Amino acid sequence: MVGVNKKPMKIKEVLDAYGGFVRYFGTTELMQNMVAYVDPKKPLQILACCGGGDQSLTFLGHCQKGTEVYAFDLNPAQLFVLACKAVYLEDTKLKVFDPTFDRISRLHLGRIRKLPRNVQKITKLVNLRGNKNIDLKEDFREKFGFEIDSGLFDFKPQSLHWVKDRRFMAAIRKQLHHLNFIREDVLYISDWFAKGSLDVIYLSDIPLHNAIPYYLERLNTLILRLKPGGLVMGNTEDLNELDRNPTIMEILLNYQDLFGLKLVGQRKKSLCLRRNQ
Ligand SMILES: C[S@@+](CC[C@H](N)C(=O)[O-])C[C@H]1O[C@@H](n2cnc3c(N)ncnc32)[C@H](O)[C@@H]1O
């Protein structure tokens, strides 16, 4: 592992150590669009936001033998999900890749739980100016509430292009020893790699909560981990939605010159930028 400063974990170590609440069990991103930017003929060094892990597995199957994928996530439960999916793929008789949360959590009893969908009922409204309670009709109270957290995003086979492709699955299987795991925040993941050591950084739709100069500096340090000509890719969010945190990819797109990047392509929410040579 050239250019890696610290020792990442392997599948078995993650299975032994990690677990917790899972929010992402399957991706909603169109990975077919994303890997279309990546040269399948060269062994690459790829840093990938983990989430439900489908993205890292897709890079592993798409790329040439010898490609190293470093999946990172703040949430250790997400890394655990990827390790479980990797083990599931080890089965050479597998015809369809269709991992269900229930099967995997039963296999590893007590290790992971679904992040619950948190919905609160409205029982009364308060008129703030008048400092008065407004009684709600029973019918209204039963019908309406508000969502605090939307719970688990489950695996949907239709969102991954290779779920029935046995050759692609076999390609991933052969490369599983090149799958690495890192529990780290995106703003500090650059500490793990030497300058100019990565070919691809995939950032999914990780948000940046505050575009303060210190965070932009951290992102710049991360971009400098790319080789000249290397790619950074990920997603934008709904551009019509106001007053939300931008994704890191949107920040990189917006300040391309500052980061020494150029737009390669944008398909719907998928976005790819290249580090200047
Ligand atoms: C941003 S979410 C998006 C998932 C995606 N929309 C999908 O379809 O899979 C992907 C992962 O990023 C992780 N994440 C969020 N903020 C992070 C941060 N600051 N550093 C590292 N990982 C982070 C989350 O824990 C989650 O597992």
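FYI, it's all coordinate maths here, none of it is from the lab. These numbers come from a predicted model, not from an experiment. Note that we place each Cβ from the backbone using ideal geometry, even for glycine, and neighbour counts take in every protein chain shown.
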Exercise. Which percentage, to the nearest 5, of the DSSP beta bridges contained in the stretch 118-231 is antiparallel?
Worked result: 80
Problem set entry | Of the DSSP H helices in the chain, those whose Cα atoms cover at least 18 Å axially and whose Kyte score averages -1.0 or more | 76-89
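Give K41/K195; K10/K195; K114/K174 a once-over and call out the pairs whose C-alpha atoms are over 27 Å from each other.
Correct reply: K114/K174.
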Exercise. Roughly what would the spin-label model give for N240 and A36, points 7 Å off Cα along C-beta, in nm?
Worked result: 2.3
Problem set entry | Value of D in µm² per second that Stokes-Einstein yields for the chain, Kirkwood Rh from Cα pairs, at 20 °C (1.002 mPa s) | 106
Exercise. Under the Karplus relation 6.51 cos²θ - 1.76 cosθ + 1.60, θ = phi - 60°, what is the ordered set of whole-Hz ³J(HN,Hα) values for the stretch 262-269, x standing for Gly and Pro?
Worked result: 9, 5, 9, x, 9, 10, 6, 8
Problem set entry | Local electrostatic count, R141, Cβ distance below 15 Å [Lys/Arg +1, Asp/Glu -1] | 0
Exercise. What list do you get for Y215, Y202, Y70 if you sort them by fewest beta carbons within 10 Å?
Worked result: Y215, Y70, Y202
Exercise. For the stretch 192-202, what does the Karplus curve 6.51 cos²θ - 1.76 cosθ + 1.60, with θ = phi - 60°, yield as ³J(HN,Hα) per residue in whole Hz, taken in order and with x for Gly and Pro?
Worked result: 7, 10, 7, 4, x, 9, 10, 8, 9, 10, 10
For this session: Report the antiparallel proportion of the DSSP beta bridges in the chain as a percent, rounded to a multiple of 5.
Result: 50
Problem set entry | Residues of the stretch 3-45 with amide N under 15 Å of a point placed 7 Å along Cα→Cβ from S159 | 22-34
